[in-house]
Amino acid sequence: MIIETFPVGAFRCNCFIIACQETRSGIIIDPGGDEDLIFSVLAKHQLKTIYLLHTHAHLDHIGATQPVHKDAGGETCLHEDDMFLCNHLAAQAELFGLPTPETPKMERFLKNGDRLNFGNHTVDVLHTPGHTPGSLSFYIDGFGLITGDTLFAGSVGRTDLWKGSHPDLITSIKQHLLTFPDETTVFPGHGPKTTIGIERAKNPFLS
């Protein structure tokens, strides 16, 4: 498996490019900015983009989606409950004093239990609302669990933005994420990786 992870954009969102070594078919998760960096990684590995996946539609996770899609292709995917955020990028950008990116067109709405294939690998889709109504987490065989802004190392996502819900967030974590084995690696939307076991034992928000 080809794996590249790196922070992008003003808020240093973790962007993930993961591909099948044999077929060079890959996915991009949360292309939040710095599209030239994303293009350079794709070119380095000579990858074909199959899906552009989004954990949610906050500006810092979706900001470069449209230019990446125009250049690299890939089916753009989001949970339908976050379309109100996708369609109001100008309001999000104004709140943080940032330029407004081009609004991407979402081609596929994902739901809990969906499974996507790229080459010889799969992505399992988990609906984990709370940070946003349509927040998703992705489990990738041979890699780990990508949790967006739902679960962080030692913390959880904020819920004071548009339609956030702290009770929903905690329920999502306990019902969908903490069911994974302790050794499962967790890759959050910002900051360092962790494991389910560490968060189960030490995360102060989950006691």
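The values are calculated or read from the model by the stated rules, or taken from the named source; none is laboratory data. As the structure is a prediction and not an experimental result, all values here were calculated from the model. Every residue, glycine as well, gets a Cβ built from its backbone with ideal geometry; the counts of neighbours run over all protein chains shown.
I want to confirm something. Restricting to the range 29-52 and keeping residues that are closer than 19 Å to HIS131 by Cβ and out of contact with any Asp or Glu (no Cβ under 8 Å at 6 or more places or on another chain), which single residue is surrounded by the most Cβ atoms within 10 Å (Cβ to Cβ)?
So the residue we want is PRO31.
Looking only at the range 107-131, which residues are under 14 Å from GLU75 (Cβ atoms) and either more than 14 Å from the chain's Cα centre (by Cα) or without any contact (Cβ under 8 Å) to a residue 60 or more places away in the chain (or both)?
Matches in the range 107-131: GLU107, ARG108, PHE109, LEU110, ASP114, LEU116, ASN117, PHE118, VAL125.
Can you spot a residue in the range 66-88 that is surrounded by fewer than 22 Cβ atoms within 10 Å (Cβ to Cβ), among the aliphatic types (A, V, I, L, M), at pLDDT 95 or above and under 23 Å from LEU169 (Cα atoms)?
Yes: the range 66-88 contains one or more residues that are surrounded by fewer than 22 Cβ atoms within 10 Å (Cβ to Cβ), among the aliphatic types (A, V, I, L, M), at pLDDT 95 or above and under 23 Å from LEU169 (Cα atoms).
Would you point out which residue out of THR103, THR55, THR147 is part of a loop (DSSP other than H, G, I, E, B) and crowded, with 24+ Cβ neighbours inside 10 Å?
Answer to the check: THR55.
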